[in-house]
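A short reminder: the numbers here are calculations on the coordinates, not readings from a lab. Keep in mind that what you see is a predicted model, and the values were worked out from it rather than measured. Every residue, glycine as well, gets a Cβ built from its backbone with ideal geometry; the counts of neighbours run over all protein chains shown.
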Amino acid sequence: MATALPDPGLPEEDSLASLEDRIHLTVELVTTLRAERDAAIAESQKLREELEGLRSERKQARTRIEKLLRQMESL
């Protein structure tokens, strides 16, 4: 990424203010991205737990169905 050189026509104070503004925007962006990352991690963990629960339910249902099929075969 190329960085722009300060405009020699601008007073040093304006260049410093511009840099300060860019730094503030960068800090806000990083803060926002971290919050979004943390939310995504939390959502991912929640979905993993839900997936584990669904897999367990499926296994229990399969076991019950197999048991019922064995009982029907014995008739």
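Values as computed for the structure displayed
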read-out: Rounded if a/c under 1.5, otherwise prolate or oblate - region 30-75, Cα gyration tensor axes; value: prolate
read-out: LEU47 paired with LEU25, simple spin-label distance in nm, labels 7 Å along Cα-to-beta-carbon; value: 3.2 nm
read-out: Estimated vicinal HN-Hα couplings, Hz - region 55-60 in sequence order (Karplus 6.51, -1.76, 1.60; Gly, Pro = x); value: 5, 5, 4, 4, 4, 5
read-out: The chain, helix-only ellipticity at 222 nm - DSSP H runs n ≥ 4, -39,500 (n - 2.57), divided by all residues, nearest 500; value: -31500 deg cm²/dmol
read-out: Whole-Hz ³J(HN,Hα) from phi, Karplus 6.51 cos²θ - 1.76 cosθ + 1.60, for region 32-45, glycine and proline x; value: 4, 5, 5, 5, 5, 4, 4, 5, 5, 5, 5, 5, 4, 4
read-out: Net charge contributed by nearby residues that have their C-beta within less than 14 Å of SER44 (K/R +1, D/E -1); value: -3
